[in-house]
Amino acid sequence: QVQLVESGGGLVQAGGSLRLSCAASGSIFSIGDMGWYRQAPGKQRDLVAAITSSSNTNYADSVKGRFTISRDNAKNTVYLQMNSLKPEDTAVYYCKAEIARAWGIPTYDYWGQGTQVTVSS
């Protein structure tokens, strides 16, 4: 089975920084696009940042200039560096990866368990 394990969440004050990590493990043939999503209580899950297999990136307007997504293909890991955090960034953050488990098999979206990020004012 494929698992995505997240780490790096926590409680920080406004203006602070956190770095989230998400490592994929298990039966993995290849990994395509990866991304980070977040969901606040009572809200839908929204895309925060995405990165392609060739390291092209895109960001939600609300985090552009503050967050940076990156990946380490050798470690099957995607990162989200979050700077200048605001209380509005408080949410559960989920990573997603498009993973093929074998040759000739289409990719499937796998999700991490989520990690809580809380930003106090």
**Message:** If the elastic network links every pair of Cα atoms under 10 Å, which of 61, 109, 33 fluctuates the most in the Gaussian network model of the chain?
**Reply:** 61
**Prompt:** Which is the longest run of the chain containing none of the chymotrypsin sites (Phe, Trp or Tyr not before Pro) found in DSSP loop states (not H, G, I, E, B) with at most 16 other C-beta atoms within 10 Å?
**Reply:** 30-102
**Asked** Taking the simple approach of a point 7 Å from Cα along Cα-to-Cβ for both residue 113 and residue 43, what is their distance in nm?
**Response** 2.4 nm
**Fill in**
Largest first and rounded to whole Å, the semi-axes √(5λ) derived from the alpha carbon gyration tensor of the chain read 26, 14, 12
**Prompt:** What nm value, rounded to one decimal, do you get for the distance between residue 83 and residue 61 when each label is placed 7 Å out toward the C-beta?
**Reply:** 2.3 nm
**Asked** Given 0.36 nm per residue, what is the gain on full extension from residue 103 to residue 19 after removing their alpha carbon distance, in nm?
**Response** 27.0 nm
**Complete:** The Cα extents of segment 67-119 along the principal axes, largest first and rounded to whole Å, are 44, 19, 13
**Prompt:** Counting trypsin sites (Lys or Arg not before Pro) as exposed when in a DSSP loop with at most 12 other beta carbons within 10 Å, what is the longest stretch of the chain free of them?
**Reply:** 65-121
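Coordinate-derived values only; no laboratory data. This is a predicted model, so every value here is computed, not measured. With ideal geometry, Cβ positions are generated from the backbone for all residues, glycine too; neighbour counts draw on all protein chains shown.
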